[in-house]
Structures are given as structure tokens and as C-alpha cells.
1. I'd like to know if the stretch 1-9 contains one or more residues that are of a type in the set (S, T, N, Q), within 24 Å of Leu93 (Cβ to Cβ) and in contact (Cβ under 8 Å) with a residue 12 or more places away in the chain.
2. Please specify each residue of the stretch 103-131 satisfying the condition of being closer than 19 Å to Phe21 by Cα, open to solvent by less than 40 Å² (accessible area, probe 1.4 Å) and touching a strand residue (DSSP E or B) at 6+ places or on another chain (Cβ under 9 Å).
3. Go through (1) assigned to a loop (DSSP other than H, G, I, E, B); (2) among the aromatic types (Phe, Trp, Tyr); (3) modelled with pLDDT of 95 or more one by one and return the number of the condition Trp73 breaks.
4. So in the stretch 25-49, with the set limited to residues that are in a loop (DSSP other than H, G, I, E, B) and in contact with a Leu (Cβ under 9 Å, 6 or more places away or on another chain), which one is least open to solvent (accessible area, probe 1.4 Å)?
5. With the requirement that a residue be touching a strand residue (DSSP E or B) at 6+ places or on another chain (Cβ under 9 Å), open to solvent by less than 70 Å² (accessible area, probe 1.4 Å) and more than 24 Å from Asn116 (Cα to Cα), what does the stretch 56-97 give you?
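The values are calculated or read from the model by the stated rules, or taken from the named source; none is laboratory data. This is a predicted model, so every value here is computed, not measured. Every residue, glycine among them, receives a Cβ derived from its backbone with ideal geometry; neighbour counts consider all protein chains shown. For accessibility, only protein heavy atoms count, side chains too; no ligands or nucleic acids. Shrake-Rupley method; radii C 1.70, N 1.55, O 1.52, S 1.80 Å.
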Amino acid sequence: MDQGPLVNEQIDAGAKLINAFDKYKPVQAAFWVKESDDGQWYLYLASDQIDDSNFDLAYGEILRVLGAGPHLWLDPFQVKVTGVEDPMTKVVLGLMRKYPGRMPLRYPGGQLGPLNIEDAYIYPIPVPMPA
């Protein structure tokens, strides 16, 4: 089921979550991906302090942050937490090094690591807070 384009409200909700999560574990990469298989948008948060031993705690922090208020534009099931060794995260980190700056990056689709995607939105780090 195609969800359509990523909208500013989703981008802003993601930015707020990223900044809150960054206080728990530093975020090295954050990006929205629209997967080709199901057309769903997912928000990925990558930290060098996330590994197999603490994925459950990281998701608990996501639920805690999102439980702190209404989030019309962000469902906890849309959020995926990864370490920096994840193949898709490695590609994103490479793009961030190649195109540094304070502007987000768009990745128009194709292959992103092992995943076929339709579109991606990569936040600059640090993530500016929405107005």
C-alpha cells in the first residue's frame, strides 16, 4: 500500500524524536526510507552505542519518548534503531561524508545497501529542531 510522499509534518516529528533520542544515545545518522516492497516510510536512527545487547532498551526509549505526547505524524512501529555497522547505515554515513552540510539529503531510490527503496530523506547531523 503506497503511503505517498513524506510530508513536512513527518519530517518535523522525526526531528523531534531524533533530538530526544540523541540525549539517550548519540545519533550518527537518521533517515526516512520508503521501501519498495510495501511503500511504507520508516525512520531509521543509527548510533555507534547501539548493538545486539541493547536494542530492546533503545526501543524502550523510543516508546518512552513517543509516549510523552501525542504524535499524529509518527507511529512507533515506523521507527527502526540500528548500529552504525548496519549495511544501509554505512551507505548513508558515506553519503553524509560525501555531501556534508546543514541541509538534508534526498536519495531518489534504487539500492540503499541491501534494500530496494523508492525514496529516502537523510537528516543532517546535528538535526535542526523544527520551528
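1. Initial filter on the stretch 1-9 (of a type in the set (S, T, N, Q)): 3, 8.
With within 24 Å of Leu93 (Cβ to Cβ) added as a condition, the list becomes none.
Looking for residues that are of a type in the set (S, T, N, Q), within 24 Å of Leu93 (Cβ to Cβ) and in contact (Cβ under 8 Å) with a residue 12 or more places away in the chain, one finds none in the stretch 1-9, hence no.
2. Scanning the stretch 103-131 gives Tyr121, Ile122, Tyr123, Pro124, Val127.
3. Result: Trp73 passes all but (3).
4. Start the filter on the stretch 25-49 by keeping residues that are in a loop (DSSP other than H, G, I, E, B), which leaves 25-28, 36-40, 48-49.
Add one more test, that the residue is in contact with a Leu (Cβ under 9 Å, 6 or more places away or on another chain), and what stays is 25, 27-28, 36-37.
Working: Lys25: 41, Val27: 11, Gln28: 54, Ser36: 49, Asp37: 139 Å².
Restricting to residues being in a loop (DSSP other than H, G, I, E, B) and in contact with a Leu (Cβ under 9 Å, 6 or more places away or on another chain), the top hit is Val27.
5. Answer for the stretch 56-97, where residues must be touching a strand residue (DSSP E or B) at 6+ places or on another chain (Cβ under 9 Å), open to solvent by less than 70 Å² (accessible area, probe 1.4 Å) and more than 24 Å from Asn116 (Cα to Cα): Ala58, Glu61, Ile62, Leu66.
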